[in-house]
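> The structure is given below, and queries will be raised subsequently.
The values are calculated or read from the model by the stated rules, or taken from the named source; none is laboratory data. In this text the structure is predicted, and so the values were computed from the model without any measurement. Accessible surface is based on the protein model in full, side chains and every heavy atom, while ligands, DNA and RNA are left aside. Shrake-Rupley method; radii C 1.70, N 1.55, O 1.52, S 1.80 Å.
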Amino acid sequence: RKEFSTRTLPAPLVPREAMGGNRELEEGAGLQLDWTKLDKVASKHCDVVPVVVQDSRSGAVLICAYANEAALEATFKQRVACLWSTSRNELWVKGATSGDTLDLDDVFINCEQNSLVYKVTPRRKGACHTKDQYGNTRVSCYYRRVAPTASGSLQLSHAEPVCPECPVPPAPETVNRAALLIAFAAGSVSAALLTAAVLRQRR
């Protein structure tokens, strides 16, 4: 079982690319919350409820989307997370094109029966349609933190869920410290060899 932690990463190794066509929206630091989202959903005249998709192992929230009766039926039938795309107004089987399939473990409903939670196990490491700085599919769609600035405005910062196996480069001070330790160790070995040679000569 892999454990995931959340921490702020150093500058990206490669430029992040926006998968949905809006780089600033998906990767920028400016807050652009879509407060009209529910109005847009209502304009489609599709009967849906919100669905939170959650990793059964880590508890991480992967996606927040919508499902209608057809999507819920397909979810149980296929045993994978199926949602309803409110922008395309069609069934969305997660992973059908990307390969990032989410296998269904369980489904929960809230007290008022107007929202669902899909408990899933990702077949691969990712769930979001965006990529991180290493070119990997992100584990979750929730990869930025919202926090107030000194001026009182709200700003976003990347806080990626990181797998221990991912190639995170060490900080410069860590490299320098390691180099000093190696140099010190090498010097100690050289000194020990020199001392041993002197003692042998005295004998």
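> Accessible area of segment 17-69 with a 1.4 Å probe: how many percent of it is carbon plus sulfur?
Carbon and sulfur: 54 percent of the exposed surface of segment 17-69.
> A follow-up question, please. Return the sequence-ordered ³J(HN,Hα) values of segment 36-47 in whole Hz as given by the Karplus equation 6.51 cos²θ - 1.76 cosθ + 1.60 applied to θ = phi - 60°, using x for Gly and Pro.
Residue by residue, segment 36-47 yields 9, 4, 5, 5, 5, 5, 5, 5, 7, 6, 10, 7 Hz.
> Over segment 80-160, what is the relative contact order in whole percent, taking alpha-carbon pairs under 8 Å and six or more residues apart? Don't skip to the answer; put the middle values down first.
Working: 125 pairs, mean separation 13.9, N = 81.
Once normalised by length, the contact order is 17 percent.
> Protein chains only, probe 1.4 Å: how do E69, E27 rank by accessible area, largest first? Intermediate values should be presented prior to the final figure.
Values: E69 155, E27 20 Å².
If we order E69, E27 from most to least accessible, we get E69, E27.
> For Y66, which sequence-distant residues (separation of 5 or more, or a different chain) have an amide H within less than 5 Å of its own amide H, given hydrogens modelled in the peptide plane?
Hits under the 5 Å cutoff: V51, W84.
> Each residue of segment 87-102 in order: what ³J(HN,Hα) in whole Hz does its phi give by Karplus 6.51 cos²θ - 1.76 cosθ + 1.60, θ = phi - 60°, with x for Gly and Pro?
Taking θ as phi minus 60°, the curve returns 7, 9, 6, 8, 5, 10, 8, 4, x, 4, 10, 7, x, 8, 6, 10 Hz for segment 87-102.
> When each pair of different Cα atoms in segment 43-169 is counted once in the 1/r mean, what is the Kirkwood radius in angstroms, to one decimal?
Details: mean 1/r = 0.0632 Å⁻¹.
Result for segment 43-169 stands at 15.8 Å.
> Compare W35, W84 by solvent-accessible area with a 1.4 Å probe and give them largest first, with all protein chains kept in place.
Values: W35 215, W84 45 Å².
Order by accessible area, largest first: W35, W84.
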